[in-house]
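Trainee: What follows is a single structure, and I will ask about it in a moment.
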Amino acid sequence: MIFKPFGATMELRNRRFLFIDCQTTGTHPSQGELLEVSWSITSLEEMETSVVESHLIQLPEGRSIPRVVREMTGITDQDM
């Protein structure tokens, strides 16, 4: 695939991209907390060997991870 930003031509397979993934305890900011942020900067050619950085975010005191979220993400209260 070829992408033409501002008239320049570049092949997407040769470009590096930032991939970001966030895990939360809810589907809306007013009803949940951020649990984990992960990212990787990689290209199509590097995807098999790219490094993924991942950081858990401490929940506010007294809050716990709902069972359904623990089952989906594998993140437990002990991990925090």
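The values are calculated or read from the model by the stated rules, or taken from the named source; none is laboratory data. Only a predicted model underlies this, so the values are computations on that prediction, with no experimental measurement involved. Ideal geometry is used to build each Cβ from the backbone, glycine not excepted, and the neighbour counts take in all protein chains shown. Side chains included, ligands, DNA and RNA excluded: accessible areas come from the protein's heavy atoms. Shrake-Rupley method; radii C 1.70, N 1.55, O 1.52, S 1.80 Å.
Trainee: What about residue 20, is it of a type in the set (A, V, I, L, M, F, W, C) and either open to solvent by 100 Å² or more (accessible area, probe 1.4 Å) or in contact with a Pro (Cβ under 6 Å, 6 or more places away or on another chain) (or both)? Outline the logic, then answer.
Mentor: Working: of a type in the set (A, V, I, L, M, F, W, C): yes; either open to solvent by 100 Å² or more (accessible area, probe 1.4 Å) or in contact with a Pro (Cβ under 6 Å, 6 or more places away or on another chain) (or both): yes.
For residue 20, the condition - of a type in the set (A, V, I, L, M, F, W, C) and either open to solvent by 100 Å² or more (accessible area, probe 1.4 Å) or in contact with a Pro (Cβ under 6 Å, 6 or more places away or on another chain) (or both) - is met.
Trainee: Which numbered condition in (1) closer than 24 Å to residue 11 by Cα; (2) at pLDDT 90 or above; (3) open to solvent by less than 70 Å² (accessible area, probe 1.4 Å); (4) of a type outside the set (Val, Ile, Thr) is the only one that residue 54 fails?
Mentor: With (1) closer than 24 Å to residue 11 by Cα; (2) at pLDDT 90 or above; (3) open to solvent by less than 70 Å² (accessible area, probe 1.4 Å); (4) of a type outside the set (Val, Ile, Thr) applied to residue 54, the lone miss is (1).
Trainee: Say we look at region 26-40 and pick out the residues that are over 16 Å from residue 58 (Cα atoms) and either touching a Ser or Thr at 6+ places or on another chain (Cβ under 6 Å) or modelled with pLDDT of 95 or more (or both); which of these is least open to solvent (accessible area, probe 1.4 Å)?
Mentor: 40
Trainee: What number of residues in region 60-80 are surrounded by 14 or more Cβ atoms within 10 Å (Cβ to Cβ) and either under 13 Å from residue 32 (Cα atoms) or acidic (Asp, Glu) (or both)?
Mentor: Taking region 60-80 first, the residues surrounded by 14 or more Cβ atoms within 10 Å (Cβ to Cβ) are 65, 69-70, 73, 75, 80.
From what's left, either under 13 Å from residue 32 (Cα atoms) or acidic (Asp, Glu) (or both): 65, 69.
Number satisfying all stated conditions: 2.
Trainee: Can I ask one more? Within region 28-37, can one find any residue that is part of a loop (DSSP other than H, G, I, E, B) and of a type in the set (D, E, K, R)?
Mentor: From region 28-37, those part of a loop (DSSP other than H, G, I, E, B) are 28, 32-33; that's our starting set.
If we keep only those that are of a type in the set (D, E, K, R) too, we end up with 33.
Yes - at least one qualifying residue is present in region 28-37.
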